[in-house]
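Working notes for the structure below.
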Amino acid sequence: MSKERARRRAAREAERARAVRLNEERQARRSRRRARVARLAPRPVRFARQRGLLARRRRSRNAAAVVAFLIVQVVVWLLWTSPPLSFAVFVLSLLLAPVAVTLAFDRRT
């Protein structure tokens, strides 16, 4: 009887060891797969907001430029009913916006 119990206990231990080994292999495969995916997947870009006086000035100047651009567009679309003319003013203001921002806010001159 004790030989039978010893044989069953050995079989249970062997089965338990096999289950532990399979679980460890599964965990290792999973961790390798996660590492591979993390290595290949693009990392999310974090946009840190700049602080300080210069950044605040830049933000306010950019906001002023955008507001001026939008005011021009609204005035043009309300005053002229011709869509081609309004579209031409839109394209022209898109092209001239960087020039106007440079002339208005450039401190080198």
(message) Restricting to segment 74-95, give me the number of residues that are closer than 22 Å to Asp106 by Cα and surrounded by 15 or more Cβ atoms within 10 Å (Cβ to Cβ).
(response) 1
(request) Assess whether Glu4 counts as being modelled with pLDDT of 90 or more and of a type in the set (Asp, Glu). (result) no
(message) Restricting to segment 1-48, and then to whatever is surrounded by 10 or more Cβ atoms within 10 Å (Cβ to Cβ) and of a type in the set (Asp, Glu), can you tell me which residue is farthest from the chain's Cα centre (by Cα)?
(response) Glu13
(request) Taking Val20 as the residue in question, decide whether it is at pLDDT 90 or above and in contact with a Leu (Cβ under 9 Å, 6 or more places away or on another chain). (result) no
(request) Could you check how many residues of segment 49-73 are surrounded by 10 or more Cβ atoms within 10 Å (Cβ to Cβ) and either in contact (Cβ under 8 Å) with a residue 40 or more places away in the chain or of a type in the set (A, V, I, L, M) (or both)? (result) 11
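The values are calculated or read from the model by the stated rules, or taken from the named source; none is laboratory data. None of the values given here were measured: they were computed from a predicted structure. Here Cβ is always computed from backbone atoms with ideal geometry, including for glycine, and neighbour counts include all displayed protein chains.
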